[in-house]
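Reading through the structure tokens given below for one structure.
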Amino acid sequence: MGQTIKGLYKLSRPMSTLTGVLAVALGGYVAGTGAWDKIALAALATLFVSAAANAWNDYRDIDIDRINQPQRPLPSGMVSPRAALYFSIVLAVLSIGLAALINPLALIIAALTNILLYVYSVWLKSTVLLGNATIALISAMSPVFGGVAAGNPRPSLWLGAIIFTGIFAREVLKTLADYEGDKANHIGTISTAVGPRAARTIFFFLLGATAIVMLAPYLLGHFQPIYAYIVVLGVFPVALYVLIHVTRDRTGPQLERLSQLLKYDFLVWFVAVLLGASI
């Protein structure tokens, strides 16, 4: 039992879910309404829906993970497939129940997000870029969800746009990291469809677009100068490091580490928003 609980905890990938929770909190913060009770409910709902999606995705990808990520709970035997499935369903239901306590629009967003995440794993993951764009869209909805919970979603739309382009870039990078396993299992991704070299070019373009969109709120007067300082001196150097190493590193684990580094780079951007948002 203890091993199963530990495995379910790992299956939920808490660090991954934390990013979405923080994005919801930021969306609620820039809304400026102070409705932190509703924002907290939205953050908890996001935690559950993200964990549910992670469990469901691993349930669907057991065979692929035996090649790409054999240390994960399901291929390593820490958790049974049935336990992972039930775990995912329970968390998804809880996320929708919490969203229902916020307002009708939040309920709709939570329900659609759950549906999209499940549809992604079944039908969209094996598509060229469409699945990646779907994950980016779902991620972009996190700050908007926070804004909706707070009662003022408009200020969160810039955050959503930045997250969309950044996550889209990271999703393409992840297809490079998973190239060998996806190719062996005949999974259609941008990397297996056009080759790693072309996929790298697309990644470079998307990361560059992220940099432009990330500076736009400051240039348009929505954020204070401290935002630009943190982005230029804190976020961009890490992104440049990743760009350089993507051209050199070729193995799955190396590229996966770069993908994780981009995720942590977003945490620096969160600090920039927290300090620079004009409320």
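Here, each number is a calculation from the coordinates, and none is a lab measurement. Computed from a prediction, not measured in an experiment: that's the story for all the values here. Every residue, glycine among them, receives a Cβ derived from its backbone with ideal geometry; neighbour counts consider all protein chains shown.
Shape of the stretch 80-220 from its Cα gyration tensor (a ≥ b ≥ c, root eigenvalues): rounded if a/c is under 1.5, otherwise prolate when a/b > b/c, or oblate?
Here the stretch 80-220 falls in the oblate category.
If a/c stays under 1.5 just call it rounded; otherwise compare a/b with b/c (prolate if a/b is bigger, oblate if not). Do that for the stretch 216-279, with a ≥ b ≥ c from the square roots of the Cα gyration tensor eigenvalues.
Prolate, because a/c is 1.5 or more and a/b exceeds b/c.
I need to check one value: relative contact order of the stretch 1-156, counting alpha carbon pairs closer than 8 Å and at least 6 residues apart, in percent.
37
Taking H as built 1.01 Å from N, whose amide H comes closer than 5 Å to the amide H of Phe223, not counting residues under 5 places away?
Tyr218
Neighbouring Cβ atoms within 10 Å as the yardstick, rank Glu171, Glu256 fewest first.
Arranged by neighbour count, lowest to highest, Glu171, Glu256 become Glu256, Glu171.
Separation between the Lys263 and Val122 pseudo-spin-labels, each 7 Å from Cα along Cα→Cβ, expressed in nm?
2.6
Suppose the chain between Ile115 and Ile244 were pulled fully straight at 0.36 nm per residue; how much longer would it get relative to their current alpha carbon spacing?
Full extension from Ile115 to Ile244 adds 42.8 nm.
Within the stretch 193-279, which trypsin sites (Lys or Arg not before Pro) sit in a loop by DSSP and count at most 13 neighbouring Cβ atoms inside 10 Å?
Arg248, Arg250
With a 10 Å Cβ neighbour count serving as the proxy for reagent exposure, in which order, fewest first, do Ile230, Ile244, Ile89 appear?
Arranged by neighbour count, lowest to highest, Ile230, Ile244, Ile89 become Ile244, Ile89, Ile230.
How much length is gained if the chain between Ala193 and Val271 is pulled fully straight, taking 0.36 nm per residue apart and subtracting their Cα-Cα distance, in nm to one decimal?
24.4 nm
Starting from the Kirkwood radius over alpha-carbon pairs of the stretch 146-208, derive D by Stokes-Einstein at 4 °C in a medium of 1.567 mPa s and give it in µm² s⁻¹.
Answer from the Stokes-Einstein relation: 99 µm²/s.
How high is the relative contact order of the stretch 229-279? Use alpha-carbon pairs under 8 Å, at least six apart in sequence, and give a whole percent.
Here the relative contact order equals 53 percent.
Using each residue's phi in the stretch 91-108, evaluate 6.51 cos²θ - 1.76 cosθ + 1.60 at θ = phi - 60° and report the 3J(HN,Hα) Karplus result to the nearest Hz, with x for Gly and Pro.
5, 5, 5, 4, 5, 5, x, 5, 5, 5, 7, 8, 6, x, 5, 5, 4, 4
Relative contact order for the stretch 2-276: what percent, with Cα pairs under 8 Å and sequence separation of 6 or more?
20
Of Val24, Gly34, Ile67, whose Cα points farthest to the positive end of the dipole of the stretch 15-70 (charges on the beta-carbon: +1 Lys, Arg; -1 Asp, Glu; origin at the Cα centre)?
Checking the options against the dipole of the stretch 15-70, the answer is Gly34.
List His186, His222 from most exposed to least, where exposure is judged by having the fewest other Cβ atoms within 10 Å.
The order, fewest Cβ neighbours first, is His186, His222.
Could you derive backbone 3J(HN,Hα) for the stretch 174-183 from the dihedral phi with the Karplus parameters 6.51, -1.76 and 1.60 (θ = phi - 60°), listing whole Hz in sequence and x where the residue is Gly or Pro?
5, 5, 5, 5, 9, 4, 5, x, 5, 5
Label-point separation (nm) for Ala100 and Ile5, each offset 7 Å from Cα along Cα-to-Cβ?
2.9
Taking springs between alpha-carbon atoms closer than 10 angstrom, which of Ala35, Ala110, Ala140 fluctuates most in the Gaussian network model of the chain?
Ala35
Which ³J(HN,Hα) values, rounded to whole Hz and listed in residue order, are derived for the stretch 197-210 from phi using the Karplus coefficients 6.51, -1.76 and 1.60 in 6.51 cos²θ - 1.76 cosθ + 1.60 with θ = phi - 60°, glycine and proline given as x?
3J(HN,Hα) across the stretch 197-210, in whole Hz: 5, 5, 5, 4, 4, 5, 4, 4, 4, 5, 5, x, 5, 4.
Counting only helical runs of four or more DSSP H residues, what would the 222 nm mean residue ellipticity of the chain come to if each run contributes -39,500 (n - 2.57) and the total is spread over all its residues?
-25500 deg cm²/dmol
How much net charge surrounds Asp249 when only other residues with a Cβ under 12 Å from its Cβ are counted (Lys, Arg +1; Asp, Glu -1)?
Its environment carries a net charge of +3.
Over all Cα pairs of the chain, how is the pair count split among 10 Å bins, expressed in % and running from 0 up to the last occupied bin?
Going out from 0 Å in 10 Å bins, the chain shows 7, 29, 35, 24, 6, 0 percent.
Work out, step by step, the length gained on full extension between His186 and Tyr86: first 0.36 nm times the residue separation, then minus their alpha carbon distance; give nm to one decimal.
33.2 nm
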